[in-house]
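Have a look at the structure below, then the notes.
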Amino acid sequence: MPKIRVAVFFIALPIAFIACRESPNTIQNAEHAPQTPGQTVPAVKEENRRTPLMRAAERGDSAEVKALLAKGADVNEKSEQGVTPLMIATGIGDAGIVRALLAKGADVNAKAPGGYTALMAAALNGRTEITKILLDARADVNAKDSSGRTALKYAASKEHAEIVQMLKKAGARE
């Protein structure tokens, strides 16, 4: 019987918890498969459509993320739940992985179900450094989720004053 573990991928919202199955009978992980020089990483997905890059980001494994990016992993692939590796890295608070993904072309304004963005996740969770990184990457400071909330509203709701000021300075409207 497979073990179930729950991992926080992306802020405390409807898509925050995703059950991940692990089984000794699962197909070998692509990140451990032999690679020849110049070969790209296959987008092998398990039941919940997580790529090797998503799993490495979830674990906070910066070295593995960089290795997968060097092999051509798709930085904008979405999981079955609609989250990207950038959203995962933002959710776990790993600024190094966030930078690496953005450097390889991750869509800073990608939206998960409900319209949530990585910037909203950073603002809600008080991730000041990641908020700055996302703003420097031109995240849409006024993007709204399906309820009409913006990153500014999320930051203000949790009283993250420094992030509120950062967002306002970047042009966030109330």
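The values are calculated or read from the model by the stated rules, or taken from the named source; none is laboratory data. The model shown is predicted, which means the values in this text are computed figures rather than measured ones. Don't worry about glycine lacking a Cβ; one is built from the backbone with ideal geometry, like all the others, and counts go over all protein chains shown.
Please verify whether VAL98 is free of Cβ contacts under 8 Å to residues at least 40 places away in the same chain and within 11 Å of the chain's Cα centre (by Cα), treating the condition exactly as stated.
yes
Could you grab me the full set of residues in the range 56-106 that are hydroxyl-bearing (Ser, Thr, Tyr) and in a loop (DSSP other than H, G, I, E, B)?
Scanning the range 56-106 gives SER79, THR84.
I'm trying to understand the selection: among the residues of the range 125-148, which are under 17 Å from GLY82 (Cβ atoms) and crowded, with 16+ Cβ neighbours inside 10 Å?
The answer is ALA143, ASP145.
Can you name the helices (runs of 4 or more DSSP H) wholly within the range 108-171 that have at least 2 residues being over 18 Å from the mean Cα position of the chain (by Cα), at pLDDT 95 or above and of a type outside the set (S, T, N, Q)?
Where helices (runs of 4 or more DSSP H) fall fully within the range 108-171 and carry at least 2 residues being over 18 Å from the mean Cα position of the chain (by Cα), at pLDDT 95 or above and of a type outside the set (S, T, N, Q), they are 151-157, 161-169.
If you go through the range 131-141 one residue at a time, do you hit one that is out of contact with any strand residue (DSSP E or B) (no Cβ under 6 Å at 6 or more places or on another chain), of a type in the set (Val, Ile, Thr), free of Cβ contacts under 8 Å to residues at least 40 places away in the same chain and within 26 Å of ARG59 (Cβ to Cβ)?
yes
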